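In what follows, a structure is listed as structure tokens, so that the remarks can point back to it.
The values are calculated or read from the model by the stated rules, or taken from the named source; none is laboratory data. For clarity, every value in this text was computed on a predicted model and none was experimentally measured. Don't worry about glycine lacking a Cβ; one is built from the backbone with ideal geometry, like all the others, and counts go over all protein chains shown. Quick note on the areas: whole protein, heavy atoms, side chains included, nothing else; ligands and nucleic acids left out. Shrake-Rupley method; radii C 1.70, N 1.55, O 1.52, S 1.80 Å.
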Amino acid sequence: SGNTTLWLLPTGTNTSYNFIATPPSGSNQVTTTVSNITFTNDTQETIILPQPVTLSGHVYDPLGNPVAGQTVQLISSGGGGIFSTTTNSSGIYSLTVAPATYQAFVITADNNNSSVNVSQHYKLISSNYPLTQDTTADITVPVKKVTVHIKDASGNSVSNVSVKAIIP
């Protein structure tokens, strides 16, 4: 019937609840969060499950090649959760979520191998990301090629040296 009853302590000064409605598995509805619910007496709340929207696209290296295995996330404001997927072998990702402005749209990698033209570890973040309709966002990882040549004190080239770049 769409009804449930929660027995909750009333809210006080500077306190509120976030209600998170998670539809059953296989539903075409999406998890929805209603934030900042306050009450001091018995009350009723209605949560409307909106039509879902899809964020999809590709992740590319700076040479235009698709990059597989990259994590793509939308982080919900108000404690609604993190929605996550991984790019496939063609660099494609797709997330279906409730329409909202998300705290962040994040693309990360934690263990790319050296054959990929992107950093081994990186994180790209777009804050306050509005998503109100189906959206295609193709992302090119904005890295630049830095060629390093290793020599010994006599000026001779040295091979098989492991090189890392860190930000102190």
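Ser115 versus Gln133, label points 7 Å from Cα toward the beta carbon: distance in nm?
4.1
Tell me, what is the 1.4 Å probe accessible area of His58, in Å² to the nearest 10?
Roughly 50 Å² of His58 is accessible to a 1.4 Å probe.
Say the dipole of region 89-154 comes from +1 at the beta carbon of Lys and Arg and -1 at that of Asp and Glu; which of Gln120, His149, Val106 then lies farthest toward its positive end?
His149
Starting from the Cα of Asn156, step 7 Å along the direction of its Cβ; do the same at Leu124; then give the gap between the two resulting points in nm.
4.3
What Kirkwood radius, in Å to one decimal, follows from the Cα pairs of region 32-168?
Working: mean 1/r = 0.0559 Å⁻¹.
After inverting the pairwise mean of 1/r, the radius is 17.9 Å.
What is the calculated FRET efficiency for Ile47 to Val146, with r their C-beta to C-beta distance and R₀ = 45 Å, to the nearest 0.05?
Details: r = 51 Å, r/R0 = 1.13.
Once the sixth-power term is evaluated, E becomes 0.35.
Return the whole-Å distance between the Cα centroid of region 1-35 and the Cα centroid of region 64-112.
So the separation of the two Cα centres works out to 24 Å.
Place the peptides 88-101, 107-120 in order of packing, highest mean first, counting for every residue the other Cβ atoms within 10 Å and averaging per peptide.
Numbers: 88-101: 16.1, 107-120: 13.3.
Top to bottom by mean Cβ count within 10 Å: 88-101, 107-120.
Using a 1.4 Å probe on the protein heavy atoms only, what accessible surface does Lys151 show? Give it in Å² to the nearest 10.
120
Once the Cβ-Cβ distance between Thr38 and Thr71 is put in as r, and R0 is 41 Å, what FRET efficiency do you end up with, to the nearest 0.05? Show your work: numbers first, answer last.
On the way: r = 35 Å, r/R0 = 0.86.
Between Thr38 and Thr71 the formula returns 0.70.
Roughly what would the spin-label model give for Val163 and Ser27, points 7 Å off Cα along C-beta, in nm?
Modelled inter-label distance: 5.4 nm.
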